[in-house]
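S.K.: This is the structure I have questions about; it appears just below.
Just so it is clear, none of the values below were taken in a lab; they were calculated from the coordinates. Everything numeric here is computed off the predicted structure, so don't read it as measured data. Every residue, glycine among them, receives a Cβ derived from its backbone with ideal geometry; neighbour counts consider all protein chains shown.
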Amino acid sequence: MSAPARTILHVDLDAFYAAVEQRDDPALRGRPVLVGGSARRGVVASCSYEARVFGIHSAMPMAEALRRCRHAVVVKHRMERYVDASRGFFAILGDYSPEVEGLSLDEAFLDLTGSERLLGPPRGVAEVIKARVRQELALVASVGVAPIKLAAKIASDIDKPDGLRIVTPEDLLPFLHGLPVGRLWGVGEATRGVLATMGLSTIGDVARYPERALVGRLGPVTGRHLAALARGEDARGVEPEREAVTIGHRETFEDDIDDPGELTVTLLGQADRVASRLRDAELRARAVILTIKYDDFREITRRTTLDAPTSDGAVLARVAIELLGKVPIEPREGGRVRLCGLTATGLEPRQAPRQLQFDEAARAKGERLGDTLDRVAAKFGRGLIKRAVHLPDEDGD
Ligand SMILES: [Mg+2]
């Protein structure tokens with residue numbers, strides 16, 4: 001590696017939703033807490049460390065979790081509290097680097113490269129961030145520091161909860177090589193199975209294996225990707241421009257599309273899905289992003305900030321369709337569309353104090369209609385529901 005070593009922090013709050021619930025309600029402290037949608041149905045969104053002792057983990061069906069631990073307390077998620085805590089978390093992180101890339105409400109990368117003279121060694125920064133999260137938010141953060149993103153993320157996870165692990169440039173390869181291959185970014189169940197049949201179980205095994213043979217078994221993209229990661233090469237930078245929290249839906253088409261009408265239909269469906277997820281999470285979006293990827297893999301995004309935040313699918317759809325109208329789509333190579341996506345961002349809790357506006361009634365009605373659609377969809381399936389969208393007139397709306 002010729003480039004100077006980077007210093008990347010990965011900060012991750014421990015058992016985030018469950019920790020917020022235990023913080024807000026002392027009666028829950030020290031007890032196995034399962035956070036989910038409705039009690040006894042659905043999956044575990046987050047669980048306290050007291051629950052993990054029973055082998056419970058997030059994404060486990062709630063029924064299964066309760067079989068494992070009958071006395072667990074089930075709490076309904078309160079997204080507005082988590083969004084609020086997340087805002088405080090990102091405010092703290094922003095004091096240490098302008099380069100903060102949020103991965104979710106409770107997880108982010110920071111690039112501290114070159115800031116040592118100003119802030120001191122990265123261990124000190126990590127300790128201060130952990131202390132401030134504890135004092136200001138009454139939550140616990142685990143931090144990993146490493147020269148590459150892959151290792152920083154693993155390092156934050158390895159000593160959880162309340163972890164702090166520093167991987168120096170000299171430590172990077174010994175650290176990675178002792179870990180199971182499943183820790184490599186992009187290795188799922190299937191790839192792990194193939195690697196196992198090749199006798200490769202640790203990252204070190206992959207690093208020592210001839211790259212050409214890896215490519216032969218896994219194909220050029222995966223083979224080279226894994227060989228490079230196993231050598232400690234992960235060129236991904238911290239991308240601060242990425243918005244911390246988004247809810248989106250994207251679709252890759254079987255055949256490339258050059259008909260804007262067809263894309264409009266796709267966007268209508270995506271808008272309803274995104275709006276439904278916003279309402280599930282009790283959030284509203286302040287901005288809409290349209291993503292278009294062409295058949296030559298060029299990707300463009302277009303964004304509109306809304307006058308007022310919404311979780312109304314009709315509003316999201318109308319804005320996305322307006323954005324689509326400004327994007328060239330042509331029946332020629334490089335002009336056809338292979339992927340279309342709609343993303344809601346600038347998220348805020350639905351209960352956020354907001355100035356009452358004269359179109360408040362219309363928005364409330366749109367969101368209530370959305371709630372009804374959600375219930376109908378839950379009962380009969382989403383495929384049956386079509387929404388009539390009021391498209392803008394030629395001369396503006
Ligand atoms: Mg976390």
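S.K.: Please provide three numbers in whole Å: the alpha-carbon extents of the stretch 133-231 along the principal axes, with the largest listed first.
M.R.: 52, 28, 20
S.K.: For the stretch 70-116, which trypsin sites (Lys or Arg not before Pro) are in a loop by DSSP, counting at most 14 other Cβ atoms within 10 Å?
M.R.: Taking the stretch 70-116 and a limit of 14 other Cβ atoms within 10 Å, the loop trypsin sites (Lys or Arg not before Pro) found are 70.
S.K.: Something else about it: At a 10 Å Cβ-Cβ cut-off, how would you order 259, 272, 171, fewest neighbours first?
M.R.: 259, 171, 272
S.K.: For residue 179 and residue 282, calculate 0.36 nm times their separation in residues minus their Cα-Cα distance, and state this gained length in nm to one decimal.
M.R.: The residue 179-residue 282 span can extend by a further 33.2 nm.
S.K.: Can you give the net charge of the other residues whose Cβ lies under 9 Å from the Cβ of residue 344, counting K and R as +1 and D and E as -1?
M.R.: Overall, the nearby charge balance is +3.
S.K.: Using the Karplus curve 6.51 cos²θ - 1.76 cosθ + 1.60 with θ = phi - 60°, work out ³J(HN,Hα) for each residue of the stretch 295-309 in order, rounded to whole Hz, and write x for Gly and Pro.
M.R.: 5, 9, 6, 5, 10, 10, 10, 10, 9, 10, 8, 7, 5, 9, x
S.K.: While we're looking at this one, here's another question. On a straight-distance basis, which aspartates and glutamates could pair with residue 76 in a cross-link, Cα separation under 16 angstrom, same-chain partners fewer than 8 positions away excluded?
M.R.: 21, 24, 25, 280, 282
S.K.: Here's a follow-up. Full-extension gain between residue 158 and residue 27, please, as 0.36 nm times their residue separation minus the C-alpha to C-alpha distance.
M.R.: This chain segment gains 44.2 nm when fully extended.
S.K.: How much net charge surrounds residue 334 when only the other residues with a Cβ under 9 Å from the Cβ of residue 334 are counted, with Lys and Arg +1 and Asp and Glu -1?
M.R.: -1
S.K.: I'd like the distance separating the alpha-carbon centroids of the stretch 203-231 and the stretch 294-338, in whole Å.
M.R.: 38
S.K.: Further question: Considering the alpha-carbon set of the stretch 1-88 alone, what are its Rg and its Dmax in angstrom?
M.R.: Radius of gyration, then largest Cα-Cα span, for the stretch 1-88: 15.9, 56 Å.
S.K.: Just to confirm a number: summing +1 for Lys and Arg and -1 for Asp and Glu over residues other than residue 91 whose beta-carbon lies under 12 angstrom from that of residue 91, what do you get?
M.R.: It works out to a net charge of -1.
S.K.: Taking the mean number of other Cβ atoms within 10 Å as a proxy for protection, how do you rank 327-338, 193-204, 286-297 from highest to lowest?
M.R.: 286-297, 193-204, 327-338
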